[in-house]
Amino acid sequence: MKAFSGSLLEQVLGHDRVAELESLAATHEPDEGDLERLILALPTTVYETRVRILTEKIEQSRARGCEPDGQLAKDLALAHYDLSNARLRDTMTASRQALGSNYEACWCLGQGGRHPVRVALLDPDGALVCSTATTYREICPCPDGDAANLVKLEVVNEAEAAAVASWQQRLTGNANIPVDYQGLTVESWEQAQLDCSTDEDRERVARIIAMVKQAAQVWWKNARDGKGPRVLMLVGDYGSGKTGFAYALVQAWLARNRPAICTTCFNLFEDLRASYRQSEGVGRREWTIVQKLSMTPLLLLDDLGAEGINEKNESWIIPTLTAILDARQERGLPTIVTTNLARDQMEYLYGERLCHRLWSSGVAIQAKFGGLADLRNRP
(Lines give C-alpha, C1' and ligand atoms only; values in the text may rest on other atoms or scores of the structure.)
Protein backbone atom coordinates (compact mmCIF):
# COMPACT_ATOMS: atom_id res chain seq x y z
CA MET A 1 0.00 0.00 0.00
CA LYS A 2 1.57 3.25 -1.17
CA ALA A 3 -0.85 5.69 0.42
CA PHE A 4 2.02 7.81 1.80
CA SER A 5 4.24 7.88 -1.31
CA GLY A 6 4.77 11.13 -3.11
CA SER A 7 7.46 13.72 -3.54
CA LEU A 8 5.56 16.34 -1.54
CA LEU A 9 5.26 14.17 1.59
CA GLU A 10 8.90 13.13 1.25
CA GLN A 11 9.88 16.78 1.09
CA VAL A 12 7.79 17.61 4.15
CA LEU A 13 8.32 14.52 6.33
CA GLY A 14 11.50 13.04 4.95
CA HIS A 15 12.07 9.82 3.08
CA ASP A 16 12.63 7.67 6.21
CA ARG A 17 9.37 8.76 7.85
CA VAL A 18 7.39 8.10 4.67
CA ALA A 19 8.96 4.64 4.40
CA GLU A 20 8.03 3.96 8.04
CA LEU A 21 4.39 4.91 7.43
CA GLU A 22 4.25 2.77 4.29
CA SER A 23 5.63 -0.23 6.18
CA LEU A 24 3.13 0.25 9.01
CA ALA A 25 0.21 0.46 6.59
CA ALA A 26 1.37 -2.65 4.69
CA THR A 27 1.98 -4.97 7.66
CA HIS A 28 -0.49 -3.85 10.28
CA GLU A 29 -3.37 -6.25 11.00
CA PRO A 30 -6.25 -4.33 12.57
CA ASP A 31 -7.41 -5.53 16.00
CA GLU A 32 -10.91 -5.13 17.40
CA GLY A 33 -10.30 -1.53 18.43
CA ASP A 34 -8.90 -0.71 14.99
CA LEU A 35 -11.91 -2.32 13.35
CA GLU A 36 -14.18 -0.09 15.38
CA ARG A 37 -12.24 2.95 14.18
CA LEU A 38 -12.39 1.70 10.60
CA ILE A 39 -16.14 1.18 10.83
CA LEU A 40 -16.62 4.71 12.14
CA ALA A 41 -14.31 6.26 9.54
CA LEU A 42 -15.86 8.85 7.24
CA PRO A 43 -16.38 8.15 3.53
CA THR A 44 -13.15 7.87 1.55
CA THR A 45 -14.02 10.94 -0.52
CA VAL A 46 -13.92 13.10 2.62
CA TYR A 47 -10.32 12.16 3.34
CA GLU A 48 -9.36 12.47 -0.34
CA THR A 49 -10.75 16.00 -0.33
CA ARG A 50 -8.88 16.81 2.87
CA VAL A 51 -5.60 15.49 1.44
CA ARG A 52 -6.13 17.53 -1.73
CA ILE A 53 -6.86 20.76 0.15
CA LEU A 54 -3.87 20.38 2.49
CA THR A 55 -1.60 19.50 -0.44
CA GLU A 56 -2.71 22.63 -2.30
CA LYS A 57 -2.01 24.80 0.73
CA ILE A 58 1.49 23.41 1.10
CA GLU A 59 2.19 23.80 -2.62
CA GLN A 60 0.94 27.39 -2.54
CA SER A 61 3.21 28.09 0.41
CA ARG A 62 6.18 26.65 -1.44
CA ALA A 63 5.29 28.62 -4.59
CA ARG A 64 5.58 31.80 -2.53
CA GLY A 65 9.05 30.71 -1.44
CA CYS A 66 7.94 29.98 2.13
CA GLU A 67 8.49 26.88 4.22
CA PRO A 68 5.19 25.05 4.81
CA ASP A 69 3.68 25.50 8.23
CA GLY A 70 4.67 22.62 10.52
CA GLN A 71 1.05 22.03 11.57
CA LEU A 72 0.00 21.75 7.92
CA ALA A 73 2.57 19.02 7.44
CA LYS A 74 1.26 17.12 10.47
CA ASP A 75 -2.33 17.54 9.30
CA LEU A 76 -1.40 16.23 5.86
CA ALA A 77 0.29 13.16 7.33
CA LEU A 78 -2.77 12.48 9.49
CA ALA A 79 -5.09 12.96 6.51
CA HIS A 80 -3.06 10.42 4.51
CA TYR A 81 -3.25 8.00 7.42
CA ASP A 82 -7.03 8.45 7.67
CA LEU A 83 -7.34 8.00 3.91
CA SER A 84 -5.32 4.79 4.12
CA ASN A 85 -7.66 3.45 6.83
CA ALA A 86 -10.73 4.44 4.83
CA ARG A 87 -9.43 2.62 1.75
CA LEU A 88 -8.63 -0.41 3.87
CA ARG A 89 -12.18 -0.27 5.24
CA ASP A 90 -13.56 -0.10 1.69
CA THR A 91 -11.49 -3.10 0.60
CA MET A 92 -12.59 -5.20 3.59
CA THR A 93 -16.21 -4.14 3.12
CA ALA A 94 -16.12 -5.12 -0.56
CA SER A 95 -14.69 -8.53 0.40
CA ARG A 96 -17.53 -9.13 2.86
CA GLN A 97 -20.21 -7.94 0.48
CA ALA A 98 -18.90 -10.45 -2.06
CA LEU A 99 -19.73 -13.30 0.33
CA GLY A 100 -23.36 -13.42 -0.86
CA SER A 101 -26.72 -11.71 -0.84
CA ASN A 102 -26.90 -11.74 2.98
CA TYR A 103 -23.86 -9.47 3.07
CA GLU A 104 -24.78 -7.03 0.29
CA ALA A 105 -25.49 -4.18 2.73
CA CYS A 106 -22.80 -5.15 5.28
CA TRP A 107 -20.62 -2.40 6.70
CA CYS A 108 -19.58 -3.88 10.07
CA LEU A 109 -16.34 -5.71 9.03
CA GLY A 110 -17.57 -8.72 10.98
CA GLN A 111 -18.20 -6.85 14.22
CA GLY A 112 -22.00 -6.95 13.95
CA GLY A 113 -22.51 -3.25 14.66
CA ARG A 114 -20.98 0.08 15.57
CA HIS A 115 -20.99 2.53 18.45
CA PRO A 116 -20.42 0.07 21.35
CA VAL A 117 -22.41 0.92 24.47
CA ARG A 118 -23.39 -0.51 27.81
CA VAL A 119 -27.10 -0.69 28.44
CA ALA A 120 -28.14 1.47 31.39
CA LEU A 121 -31.59 1.44 32.94
CA LEU A 122 -33.25 3.26 35.82
CA ASP A 123 -34.93 1.07 38.40
CA PRO A 124 -38.28 2.21 39.87
CA ASP A 125 -36.39 4.07 42.60
CA GLY A 126 -34.43 6.13 40.04
CA ALA A 127 -31.10 4.36 40.59
CA LEU A 128 -28.91 3.75 37.53
CA VAL A 129 -28.15 0.11 36.76
CA CYS A 130 -25.64 -0.72 33.99
CA SER A 131 -25.14 -4.03 32.24
CA THR A 132 -21.79 -5.79 32.60
CA ALA A 133 -21.60 -6.56 28.84
CA THR A 134 -21.48 -4.27 25.84
CA THR A 135 -23.68 -4.12 22.79
CA TYR A 136 -23.99 -1.81 19.78
CA ARG A 137 -26.16 1.22 19.35
CA GLU A 138 -26.46 0.48 15.61
CA ILE A 139 -26.76 -3.09 14.28
CA CYS A 140 -25.52 -4.13 10.83
CA PRO A 141 -28.02 -5.78 8.39
CA CYS A 142 -25.92 -8.93 7.93
CA PRO A 143 -25.66 -12.34 9.64
CA ASP A 144 -23.09 -10.95 12.10
CA GLY A 145 -25.57 -8.14 12.84
CA ASP A 146 -28.30 -10.71 13.50
CA ALA A 147 -26.02 -12.41 16.02
CA ALA A 148 -25.15 -9.05 17.58
CA ASN A 149 -28.85 -8.25 17.86
CA LEU A 150 -29.44 -11.45 19.84
CA VAL A 151 -26.60 -10.47 22.14
CA LYS A 152 -28.15 -7.00 22.45
CA LEU A 153 -31.45 -8.53 23.56
CA GLU A 154 -29.61 -10.64 26.13
CA VAL A 155 -27.75 -7.58 27.40
CA VAL A 156 -30.99 -5.60 27.70
CA ASN A 157 -32.64 -8.49 29.53
CA GLU A 158 -29.63 -8.71 31.82
CA ALA A 159 -29.84 -5.00 32.59
CA GLU A 160 -33.58 -5.24 33.26
CA ALA A 161 -33.05 -8.21 35.58
CA ALA A 162 -30.26 -6.33 37.37
CA ALA A 163 -32.50 -3.27 37.77
CA VAL A 164 -35.31 -5.39 39.22
CA ALA A 165 -32.89 -7.23 41.54
CA SER A 166 -31.39 -3.95 42.74
CA TRP A 167 -34.85 -2.52 43.36
CA GLN A 168 -35.97 -5.70 45.13
CA GLN A 169 -32.89 -5.62 47.34
CA ARG A 170 -33.63 -2.07 48.41
CA LEU A 171 -37.32 -2.84 48.90
CA THR A 172 -36.47 -5.76 51.18
CA GLY A 173 -33.90 -3.71 53.09
CA ASN A 174 -36.27 -0.79 53.55
CA ALA A 175 -39.10 -3.09 54.61
CA ASN A 176 -37.08 -4.14 57.69
CA ILE A 177 -37.99 -7.84 57.56
CA PRO A 178 -36.41 -9.83 60.43
CA VAL A 179 -33.81 -12.41 59.44
CA ASP A 180 -35.96 -15.28 60.77
CA TYR A 181 -38.70 -14.46 58.27
CA GLN A 182 -36.69 -13.47 55.19
CA GLY A 183 -37.59 -15.57 52.17
CA LEU A 184 -40.80 -16.85 53.73
CA THR A 185 -43.70 -17.22 51.29
CA VAL A 186 -47.34 -18.05 51.91
CA GLU A 187 -46.72 -21.48 50.37
CA SER A 188 -43.61 -22.21 52.46
CA TRP A 189 -45.40 -20.93 55.58
CA GLU A 190 -48.33 -23.27 54.92
CA GLN A 191 -46.05 -26.24 54.27
CA ALA A 192 -44.04 -25.53 57.42
CA GLN A 193 -47.25 -25.42 59.46
CA LEU A 194 -48.38 -28.77 58.07
CA ASP A 195 -44.94 -30.27 58.63
CA CYS A 196 -45.02 -29.17 62.27
CA SER A 197 -48.44 -30.70 62.93
CA THR A 198 -49.06 -34.26 64.07
CA ASP A 199 -51.05 -36.70 61.98
CA GLU A 200 -53.99 -36.38 64.39
CA ASP A 201 -53.88 -32.57 64.27
CA ARG A 202 -53.22 -32.09 60.55
CA GLU A 203 -56.88 -31.76 59.56
CA ARG A 204 -57.53 -29.05 62.16
CA VAL A 205 -54.39 -27.16 61.14
CA ALA A 206 -55.41 -27.37 57.47
CA ARG A 207 -58.83 -25.86 58.32
CA ILE A 208 -57.24 -22.93 60.17
CA ILE A 209 -54.81 -22.33 57.31
CA ALA A 210 -57.68 -22.35 54.79
CA MET A 211 -59.69 -19.79 56.81
CA VAL A 212 -56.65 -17.55 57.28
CA LYS A 213 -55.75 -17.69 53.58
CA GLN A 214 -59.34 -16.96 52.58
CA ALA A 215 -59.36 -13.81 54.74
CA ALA A 216 -56.00 -12.79 53.30
CA GLN A 217 -57.24 -13.30 49.73
CA VAL A 218 -60.20 -10.98 50.35
CA TRP A 219 -57.87 -8.39 51.89
CA TRP A 220 -55.39 -8.72 48.99
CA LYS A 221 -58.17 -8.22 46.43
CA ASN A 222 -59.39 -5.13 48.30
CA ALA A 223 -55.84 -3.76 48.48
CA ARG A 224 -55.39 -4.35 44.75
CA ASP A 225 -58.76 -2.91 43.72
CA GLY A 226 -58.68 0.00 46.16
CA LYS A 227 -62.08 -0.70 47.71
CA GLY A 228 -63.48 -2.63 50.67
CA PRO A 229 -61.75 -3.21 54.03
CA ARG A 230 -57.99 -2.83 53.67
CA VAL A 231 -56.91 -3.56 57.25
CA LEU A 232 -56.05 -7.21 57.90
CA MET A 233 -56.13 -8.13 61.60
CA LEU A 234 -54.23 -11.32 62.43
CA VAL A 235 -55.26 -12.37 65.94
CA GLY A 236 -53.85 -15.18 68.02
CA ASP A 237 -51.77 -16.15 71.04
CA TYR A 238 -47.99 -15.77 71.13
CA GLY A 239 -46.31 -18.30 68.84
CA SER A 240 -49.48 -19.08 66.88
CA GLY A 241 -47.94 -18.37 63.45
CA LYS A 242 -49.60 -15.03 62.73
CA THR A 243 -46.37 -13.01 62.48
CA GLY A 244 -44.83 -15.48 60.04
CA PHE A 245 -47.96 -15.31 57.89
CA ALA A 246 -47.86 -11.50 58.00
CA TYR A 247 -44.26 -11.38 56.79
CA ALA A 248 -45.06 -13.91 54.06
CA LEU A 249 -47.79 -11.56 52.80
CA VAL A 250 -45.40 -8.59 52.94
CA GLN A 251 -42.82 -10.44 50.85
CA ALA A 252 -45.49 -11.40 48.31
CA TRP A 253 -46.24 -7.67 48.13
CA LEU A 254 -42.56 -6.79 47.68
CA ALA A 255 -42.24 -9.39 44.92
CA ARG A 256 -44.63 -7.20 42.92
CA ASN A 257 -42.16 -4.28 43.23
CA ARG A 258 -44.27 -2.41 45.75
CA PRO A 259 -42.65 -0.79 48.81
CA ALA A 260 -43.62 -1.72 52.37
CA ILE A 261 -42.55 -0.95 55.92
CA CYS A 262 -42.64 -3.44 58.78
CA THR A 263 -42.29 -2.49 62.44
CA THR A 264 -43.19 -3.93 65.77
CA CYS A 265 -45.43 -1.69 67.84
CA PHE A 266 -42.77 -1.82 70.56
CA ASN A 267 -40.18 -0.29 68.19
CA LEU A 268 -42.67 2.23 66.84
CA PHE A 269 -43.59 3.46 70.29
CA GLU A 270 -39.92 3.54 71.32
CA ASP A 271 -39.23 5.80 68.33
CA LEU A 272 -42.10 8.05 69.34
CA ARG A 273 -40.89 8.14 72.94
CA ALA A 274 -37.37 9.01 71.75
CA SER A 275 -38.74 11.91 69.71
CA TYR A 276 -40.35 13.32 72.84
CA ARG A 277 -37.31 12.80 75.05
CA GLN A 278 -35.19 15.05 72.84
CA SER A 279 -35.47 18.73 73.62
CA GLU A 280 -35.16 20.05 70.05
CA GLY A 281 -37.17 19.26 66.94
CA VAL A 282 -39.75 17.14 68.76
CA GLY A 283 -42.63 18.04 66.47
CA ARG A 284 -40.57 17.54 63.32
CA ARG A 285 -39.29 14.10 64.34
CA GLU A 286 -42.74 12.86 65.34
CA TRP A 287 -44.20 14.25 62.11
CA THR A 288 -41.51 12.41 60.10
CA ILE A 289 -42.40 9.09 61.74
CA VAL A 290 -46.12 9.62 61.28
CA GLN A 291 -45.75 10.70 57.64
CA LYS A 292 -43.49 7.76 56.79
CA LEU A 293 -45.93 5.20 58.19
CA SER A 294 -49.00 7.01 56.88
CA MET A 295 -47.78 7.07 53.28
CA THR A 296 -45.98 3.76 52.74
CA PRO A 297 -47.94 1.60 50.26
CA LEU A 298 -48.12 -1.24 52.80
CA LEU A 299 -47.63 -1.10 56.57
CA LEU A 300 -47.20 -4.05 58.93
CA LEU A 301 -47.71 -3.26 62.63
CA ASP A 302 -46.58 -6.37 64.45
CA ASP A 303 -47.55 -7.35 68.00
CA LEU A 304 -49.95 -4.56 68.96
CA GLY A 305 -50.41 -4.71 72.72
CA ALA A 306 -46.86 -5.78 73.60
CA GLU A 307 -45.41 -2.25 73.61
CA GLY A 308 -46.19 -1.50 77.28
CA ILE A 309 -47.97 1.87 77.32
CA ASN A 310 -47.79 3.82 80.56
CA GLU A 311 -51.45 4.83 80.82
CA LYS A 312 -50.78 7.88 83.00
CA ASN A 313 -47.90 9.45 81.10
CA GLU A 314 -48.18 8.18 77.54
CA SER A 315 -51.80 8.61 76.53
CA TRP A 316 -50.52 10.79 73.65
CA ILE A 317 -49.26 7.68 71.84
CA ILE A 318 -52.79 6.37 71.21
CA PRO A 319 -53.95 9.43 69.21
CA THR A 320 -50.73 9.24 67.21
CA LEU A 321 -51.34 5.60 66.28
CA THR A 322 -54.97 6.44 65.50
CA ALA A 323 -53.84 9.30 63.27
CA ILE A 324 -51.60 6.91 61.31
CA LEU A 325 -54.47 4.45 60.78
CA ASP A 326 -56.89 7.26 59.86
CA ALA A 327 -54.46 8.68 57.31
CA ARG A 328 -53.96 5.30 55.72
CA GLN A 329 -57.69 4.68 55.56
CA GLU A 330 -58.24 8.06 53.89
CA ARG A 331 -55.58 7.24 51.30
CA GLY A 332 -56.93 3.74 50.74
CA LEU A 333 -53.64 2.13 51.75
CA PRO A 334 -53.56 -1.47 53.03
CA THR A 335 -52.38 -2.29 56.56
CA ILE A 336 -51.61 -5.54 58.37
CA VAL A 337 -51.81 -5.67 62.18
CA THR A 338 -50.94 -8.65 64.38
CA THR A 339 -52.00 -8.84 68.03
CA ASN A 340 -52.49 -11.19 70.96
CA LEU A 341 -55.38 -9.10 72.25
CA ALA A 342 -59.07 -9.88 72.07
CA ARG A 343 -61.40 -7.03 71.14
CA ASP A 344 -62.41 -6.16 74.71
CA GLN A 345 -58.77 -6.10 75.83
CA MET A 346 -57.83 -3.79 72.96
CA GLU A 347 -60.73 -1.45 73.66
CA TYR A 348 -59.66 -1.24 77.33
CA LEU A 349 -56.05 -0.38 76.43
CA TYR A 350 -56.55 1.85 73.39
CA GLY A 351 -60.10 3.14 73.55
CA GLU A 352 -63.16 2.66 71.39
CA ARG A 353 -62.01 4.80 68.46
CA LEU A 354 -58.78 2.91 67.79
CA CYS A 355 -60.50 -0.42 68.42
CA HIS A 356 -63.12 0.48 65.80
CA ARG A 357 -60.37 1.06 63.21
CA LEU A 358 -59.16 -2.53 63.71
CA TRP A 359 -62.28 -4.51 64.46
CA SER A 360 -65.13 -2.90 62.52
CA SER A 361 -66.25 -5.20 59.67
CA GLY A 362 -66.52 -2.21 57.33
CA VAL A 363 -62.88 -1.27 57.90
CA ALA A 364 -60.96 -4.42 58.78
CA ILE A 365 -60.86 -8.14 58.05
CA GLN A 366 -60.04 -10.46 60.93
CA ALA A 367 -58.22 -13.78 60.71
CA LYS A 368 -57.91 -15.82 63.91
CA PHE A 369 -54.99 -18.12 64.56
CA GLY A 370 -55.08 -20.93 67.06
CA GLY A 371 -52.66 -23.75 67.64
CA LEU A 372 -50.39 -23.11 64.68
CA ALA A 373 -46.62 -23.36 64.95
CA ASP A 374 -44.17 -20.55 65.68
CA LEU A 375 -41.82 -20.41 62.66
CA ARG A 376 -39.29 -17.95 64.01
CA ASN A 377 -36.71 -20.63 64.69
CA ARG A 378 -37.53 -22.90 61.78
CA PRO A 379 -34.50 -24.63 60.19
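Within the range 230-247, is there a residue that is of a type outside the set (Phe, Trp, Tyr) and touching a Cys at 6+ places or on another chain (Cβ under 7 Å)?
For the range 230-247, residues of a type outside the set (Phe, Trp, Tyr) and touching a Cys at 6+ places or on another chain (Cβ under 7 Å): absent.
Going through the range 183-206 one residue at a time, which ones are over 19 Å from LEU300 (Cα atoms), surrounded by 13 or more Cβ atoms within 10 Å (Cβ to Cβ) and under 32 Å from the mean Cα position of the chain (by Cα)?
SER188, GLU190, ALA192, listed by residue number.
Would you be able to say whether some residue in the range 176-194 is closer than 19 Å to ILE261 by Cα, acidic (Asp, Glu) and modelled with pLDDT of 85 or more?
Looking for residues that are closer than 19 Å to ILE261 by Cα, acidic (Asp, Glu) and modelled with pLDDT of 85 or more, one finds at least one in the range 176-194, hence yes.
Which one of ALA162, ALA175 is under 24 Å from PHE245 (Cα atoms) and in contact with a strand residue (DSSP E or B) (Cβ under 6 Å, 6 or more places away or on another chain)?
ALA175
So THR134 clears everything in (1) closer than 23 Å to CYS106 by Cβ; (2) modelled with pLDDT of 85 or more; (3) not in a helix (DSSP H, G or I) except one condition, right? Which one?
In the conditions (1) closer than 23 Å to CYS106 by Cβ; (2) modelled with pLDDT of 85 or more; (3) not in a helix (DSSP H, G or I), THR134 misses (2) alone.
Residue by residue through the range 196-224, note down the ones that are closer than 20 Å to ASP237 by Cα and of a type in the set (Lys, Arg).
If the condition is that a residue be closer than 20 Å to ASP237 by Cα and of a type in the set (Lys, Arg), then ARG202, ARG204, ARG207, LYS213 are the ones that fit.
Give the number of residues within the range 232-243 that are assigned to a loop (DSSP other than H, G, I, E, B) and either surrounded by 21 or more Cβ atoms within 10 Å (Cβ to Cβ) or touching a helix residue (DSSP H, G or I) at 6+ places or on another chain (Cβ under 6 Å) (or both).
Going through the range 232-243 one residue at a time, the tally reaches 3.
Listed here are the residues, each with its yes/no results for (1) at pLDDT 85 or above; (2) outside the structural domain of LEU341 (by TED's automatic domain parsing); (3) surrounded by 15 or more Cβ atoms within 10 Å (Cβ to Cβ).
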residue	(1), (2), (3)
ILE208	yes, no, yes
PHE245	yes, no, yes
ALA255	yes, no, no
ARG258	yes, no, yes
VAL282	no, no, no
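I'm trying to understand the selection: among the residues of the range 213-256, which are closer than 12 Å to ALA367 by Cα and of a type in the set (Phe, Trp, Tyr)?
Once the filter is applied, which keeps residues that are closer than 12 Å to ALA367 by Cα and of a type in the set (Phe, Trp, Tyr), the range 213-256 yields TRP219, PHE245.
For the range 306-379, which helices (runs of 4 or more DSSP H) that fit wholly inside it have 2 or more residues that are among the β-branched types (Val, Ile, Thr) and modelled with pLDDT of 85 or more?
So the answer is 317-331.
Tell me which residues, restricted to the range 52-72, are surrounded by 18 or more Cβ atoms within 10 Å (Cβ to Cβ) and part of a helix (DSSP H, G or I).
Hits for the range 52-72 are LEU54, THR55, ILE58.
The values are calculated or read from the model by the stated rules, or taken from the named source; none is laboratory data. Just so we're clear, the structure is a prediction, and the values are computed from it rather than from any experiment. Cβ sites come from the backbone with ideal geometry, for glycine too, and all protein chains shown count toward neighbours.
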